[in-house]
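Note sheet for the following structure.
None of the figures in this text is laboratory data; all of them are computed from the coordinates on show. Everything quoted here is computed from the prediction, not taken from an experiment. Note: ideal-geometry Cβ built from the backbone for every residue, glycine included; neighbour counts use all protein chains shown.
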Amino acid sequence: MNRKALCVWLFSLLFVLPVSAIEVNFTASAPAQVAVGERFRVVYTANKRPASFNGPTFGEFRVLSGPSQSSSSSTQIINGKVTHSENYSFTYILEATREGTFTISEATILVDGKTISSNALTIRVSGQASQGASPSAPSPGQPQAPQVQGVGDRDIFLRAVVSNSNPYQGQAVTVTYKLYTRVQVSQYSIEKLPAYQGFWAEEVASGGQPQVTEEVIDGQRYNVATIRQVVIFPQRAGELTIEPLDVQTLVRVSAPRRSGSLIDEFFGGSLFGGFQNVERSLRSNQIQMNVRPLPAQNRPPSFKGMVGNFELNTSLNPLEVNVNEPVTLTLSINGSGNLRMLEKPEIQFPANLEAFDPNITDNIRVSAAGVSGSRQYEYLLIPRTGGTFEISPIQFSFFDPASGRYVTRSSPAYTLTVSGSSLAAGESSGLGRQEEVQYLTSDIRFINNTLFSLRPMGSLFYRSTLFYLLLASPVLLFAFFLVFWRRHIRLQSDTALLRNRKAQKMAQKRLKKAGIFLKNGNSSEFYDEIFRALWGYLSDKLSIPVSRLNKEQVSDVFQQKGVQPGLAAKFMEALNECEFARFAPGSPQTRMDETYQRALDTIVTLEKELKNKKF
Amino acid sequence: MKNLAFWLSGLLFLMPLLAKADSADIIRQANEAYVDGQYSYAIELYESLLEQKLESPELYYNLGNAYFKENLLGAAILNYERALKLKPSDENTLFNLEVARARTIDRINPVPLIFYERWWKNFYGMLSVDGWSWLLIVMLIAMLLSLGGFFFSRTRGMKKTAFGISMVFVVALLVSLAATRAQYHNTHKRLDAIVMVPRATAKSSPGEASPDLFVIHEGSKARITGELGEWYEIRLENGNVGWVKKSALEII
């Protein structure tokens, strides 16, 4: 090609340019079918720079962004033929809100003073495409992730999955955060960790690169990476919420075309940076948990909040030692559950067996299956005296969520035989013992384990009717008794006086009767009456019953009363005569007269005598 | 008709016995629950007896123990105090009350008593009001008997002895009468309360807006000296006076 020819080519180029711009083309393009909730792009393309763009009405579609304007131009020379193309596009991002077939009206542009319309678009929206796999569906109250051009919310999302949404308090639950992508993720970083309020959380150590699996959701194939796993233990019962996890990702997307260059299209853009890294924020779903409380029934006293499944192993070594030689009590609890929350078991060591704080060794693994391993307590015990020490069985209780009941594991009782003398070096003996006594007495005493009797509440004996009654009745009884006794005494003395006074009259009456018998000559009746008159008089006069009178007593009483001895002899004689005559009947009349006279005399003189003596 | 009356009266006599058998069963269950360490269940059972308006010092003592084991110090102390009201010198109750008090937060130093006040307090505290009442009756009967001996004895020596004995009983009767009255006043006339909430603020006057004077904690004992609406006026053993919400206190 010579110099002249080049000049001609260049010159012709100047003329060709305006000539090639002949017809203005303005088209709209969009997918023919979308699903509800899906986001899609509507692009209006013109091949000449428009003076203005007048957008369509979208009807049932929601406009998420747009119109975003872009332009490109290219010039091609193929076999000497020069073509020039310009490309202006207006892009909307829409979201289908409901099912059906909808039309988007035509848009218009103004080019060279002429109004040009695009084609109208008809889009069919199919039913619920993806309920679960659509974290893009913006839930109210949750901030909308910023939209990145070219990467839909269904292309990449984060999901949090719990192994059990209805656990018991203290039961291990695994939370797995999975990243679902259909695009390439070059990098991700966790921006904000949830606080796990109300939980005790243990992160599962991930082995460097996350494992990637494939999962199909609604016919879409996703690469799934487990980016984080946490084992959590709910610390209280009730409704608990796990806050979402925020992740920042760097997604590789094809760069939006700035030119419709064939070169770019030919090379697929990748070679010359046609892909670009776009930052994308993701947020996992929030998880609601209903935590069940541990049952209060049958809760063993040694239960300290452990939930899971454990075994208790204990050993005491050696079992026979000398005084002041150490013994090791090893207590190991292994299994799966909230091992880190294990409290030091309370062991009551016998007095004089000095126990040091245990040495704790943990071997705890956190895996997706939960927390498992063992915790070992090593007690160093030093017996300070000889003899045998009984270490009572150590109880360890936990709640087994699988069976839903409490389980108690118990160690055997150990007997430690210590040989040697008593308390050796007194450094830790005397004081230590006193402390031990104090320690032992800081618990309350046992209940009254008898079937004690109950009484109605508020019943007070003091000031009750019974109280007053019991108080008054002895006094009244006493007073009554006193009065009665007095009266009785007075009455008794009165009758004695009366009889004393009437003694003579009685005697005279009897003697009169005896007088009649005398006249009739009835001797036995006569003596009987005389005898009775004498005895009766004496009985009345001395207040002594007749039955208790006898002759010896009579002479005694007479002597006591100071009656003349002659009179007493006379009285006795009369009595004797009567007695004799009674058993020897048929005595002569004159003797009877004599006896009668004598009895009368005796009574009259006795009466006089006793009256003088003031009986 | 006569027969029916007989059976009815028989039933009336049996009723308390039936109730007694029922409560004995509850006591047994509650004691077993306590021994098994199910303290909350034991509390439930003991409280059910109190709801039936039944009481005894042993019941309050056991209930106090169960509350103590559940670490409810206020309720434990309240029940120990109630047990002591019915049985003032029960050694176990006094001991456990001391243990429970040692765990409370407040250390209120009581105003010290003069030695004879202390003696007198210890003396009448030996028996409950009912115990003193029975002793009073026994003393009275003994005095009357010895007085009777004085009246009815015939010899001079006997009369002298009986009079001396009856004078001793008269003095004993007067002393026990005074002790009964003192104990009655101590346990039934005076209102003492226990703080049942973790902390209660005593105000200078009954009202939320009035200034705070001092704070008392669960298990502390206070004497109630006044009442107004939702508030009690309390006096602590160290002499401090303030107004506390009724809901924070429980009367012994």
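Remark: mean inter-chain Cβ contacts per residue of A:455-465 equal 5, using a 10 Å Cβ-Cβ cutoff to other protein chain atoms.
Highest mean first, the peptides A:557-570, A:487-500, A:224-237, B:218-231 sorted by other C-beta atoms within 10 Å per residue fall in the order A:224-237, B:218-231, A:557-570, A:487-500. Computed from phi, the 3J(HN,Hα) profile of the range A:111-123 under the Karplus parametrisation 6.51, -1.76, 1.60 (θ = phi - 60°) reads 10, 6, x, 10, 9, 10, 9, 8, 7, 7, 10, 10, 10 Hz, with x in place of Gly and Pro. Entry note, chain B: relative contact order of 15 percent, from Cα contacts under 8 Å with a spacing of 6+ residues. Averaged over the residues of peptide B:26-33, the number of Cβ atoms from other protein chains lying within 10 Å of each residue's Cβ is 2. Work out, in µm²/s and without decimals, the Stokes-Einstein translational diffusion coefficient of the protein assembly as shown at 25 °C, 0.890 mPa s, Rh from Kirkwood over C-alpha pairs. The estimated diffusion coefficient comes to 59 µm²/s.
Using only the Cα atoms of chain B, build the gyration tensor, take square roots of its eigenvalues as a ≥ b ≥ c, and label the shape rounded, prolate or oblate: rounded if a/c is under 1.5, else prolate if a/b is larger than b/c, else oblate. Oblate is the answer for chain B, as a/c is 1.5 or above yet b/c matches or exceeds a/b.
Rounded to the nearest 0.05, the FRET efficiency derived from the C-beta distance between B:VAL241 and B:MET126 at R0 = 41 Å is 0.85.
Whole number please: convex hull volume per residue, Cα atoms of the range B:192-251, in Å³. Residue-normalised Cα hull volume stands at 67 Å³. Is the range A:294-340 rounded, prolate or oblate when judged by the Cα gyration tensor, a ≥ b ≥ c being the square roots of its eigenvalues, rounded requiring a/c under 1.5 and prolate requiring a/b larger than b/c? In terms of gyration-tensor shape, prolate. A cut-off of 5 Å between modelled amide H atoms, ignoring neighbours fewer than 5 places along the same chain, links A:ILE287 with A:ILE242. Taking label points 7 Å from Cα along the Cα-to-Cβ direction, A:GLU86 and A:ASN54 give a separation of 2.1 nm.
Between A:ASN520 and A:GLN76, the simple spin-label model (points 7 angstrom out along Cα→Cβ) gives 18.9 nm.
Computed from the C-beta positions of A:ARG486 and A:LYS608, the FRET efficiency with R₀ = 41 Å rounds to 0.75. With a cut-off of 15 Å on the backbone N, the residues of the range A:364-407 near the modelled label site 7 Å out from A:GLN297 along Cα-Cβ are A:404-406.
3J(HN,Hα) along the range B:102-116: 5, 8, 6, 7, 6, 10, 9, 8, x, 4, x, 8, 6, 4, 6 Hz, from the Karplus curve 6.51 cos²θ - 1.76 cosθ + 1.60 with θ = phi - 60°, whole Hz, x for Gly and Pro.
Simple spin-label estimate for A:ASN285 and A:GLU325 gives 6.6 nm between the two label positions (7 Å along the Cα-to-Cβ direction from each Cα). Each of the peptides A:594-606, B:111-123 was scored by the mean count of other Cβ atoms within 10 Å over its residues; in descending order, highest first, they stand as A:594-606, B:111-123. For a paramagnetic label modelled on A:GLU594 (point 7 Å from Cα along Cα→Cβ), amide N atoms under 17 Å away belong, within the range A:534-578, to A:570-578.
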